[in-house]
1. Once neighbouring chains are kept in place and the probe is 1.4 Å, which whole percent of the accessible area of segment 53-120 is contributed by carbon and sulfur?
2. Solvent-accessible area per residue for segment 29-120 at a 1.4 Å probe radius, Å²?
3. Can you list residues whose amide H is under 5 Å from ASN45's amide H, if they're 5+ apart or on another chain and H is modeled 1.01 Å from N?
4. For segment 39-44, just list the computed ³J(HN,Hα) in residue order, Karplus coefficients 6.51, -1.76 and 1.60, θ = phi - 60°, integers in Hz, with x standing in for Gly and Pro.
5. For ALA24 and PHE81 in the same chain, what is the full-extension length gain: residue separation times 0.36 nm, less their Cα-Cα distance, in nm?
6. How big is segment 53-120 by Rg and Dmax over its Cα atoms, in Å?
7. Mind checking the full-extension length gain between GLN74 and ARG105? Use 0.36 nm per residue of separation minus the Cα-Cα distance, one decimal, nm.
8. Provide the gained length on full extension for the span ALA91 to ARG48, in nm with one decimal, where the gain is 0.36 nm per separating residue minus the Cα-Cα distance.
Amino acid sequence: MSADPLAATEAVTIVLGTSIPLQAYLAVAALLFCTGVWGLINSRNAVRVLMSIELMLNAVNINLMAFSDYLDGQLIRGQVFAIFVITVAAAEAAVGLAILLSLYRNRETVDMERFNLLRW
């Protein structure tokens, strides 16, 4: 095994024949983010809203990883930020589901249109 970190990248390029360009990662991330925004705007179900937020955060992770590899492949700055985003997403999912369970017990629905706790 070679100690050269570029050898692994060259091996992947040789095996696959081509490397994936940055634009492909950006296109996938944009599609994923737009899907999350669409689900956030159009969904009336609170669980779907949480899933849409998770999709948007995963699109951000794809961008972080792609730009980290594109700008400086030797450093892992993008990967570190992606780990932070994953931990925030896990905390958001836990708190969001706890709030939804509490609302479901009180209101017996997860319909976003029927949550009017802050209205007068």
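The values are calculated or read from the model by the stated rules, or taken from the named source; none is laboratory data. Worth saying up front: this structure is predicted, and the values here are computed from it rather than measured. The accessibility values were calculated without ligands, DNA or RNA, using every heavy atom of the protein model including side chains. Shrake-Rupley method; radii C 1.70, N 1.55, O 1.52, S 1.80 Å.
1. On the way: 3430 of 5190 Å².
Percent of accessible area from carbon and sulfur atoms in segment 53-120: 66.
2. Numbers: 6730 Å² over 92 residues.
I get 73 Å² per residue for this part.
3. MET112
4. Ordered by residue, 3J(HN,Hα) equals x, 5, 6, 8, 8, 9 Hz.
5. Details: separation 57, 0.36 × 57 = 20.52 nm, distance 2.08 nm.
Going from the current span to full extension adds 18.4 nm.
6. In order Rg, Dmax, the Cα atoms of segment 53-120 give 17.6, 55 Å.
7. Values: separation 31, 0.36 × 31 = 11.16 nm, distance 5.02 nm.
That pair, GLN74 and ARG105, stretches by 6.1 nm at full extension.
8. Working: separation 43, 0.36 × 43 = 15.48 nm, distance 1.69 nm.
Residue separation times 0.36 nm, minus the Cα-Cα distance, leaves 13.8 nm.
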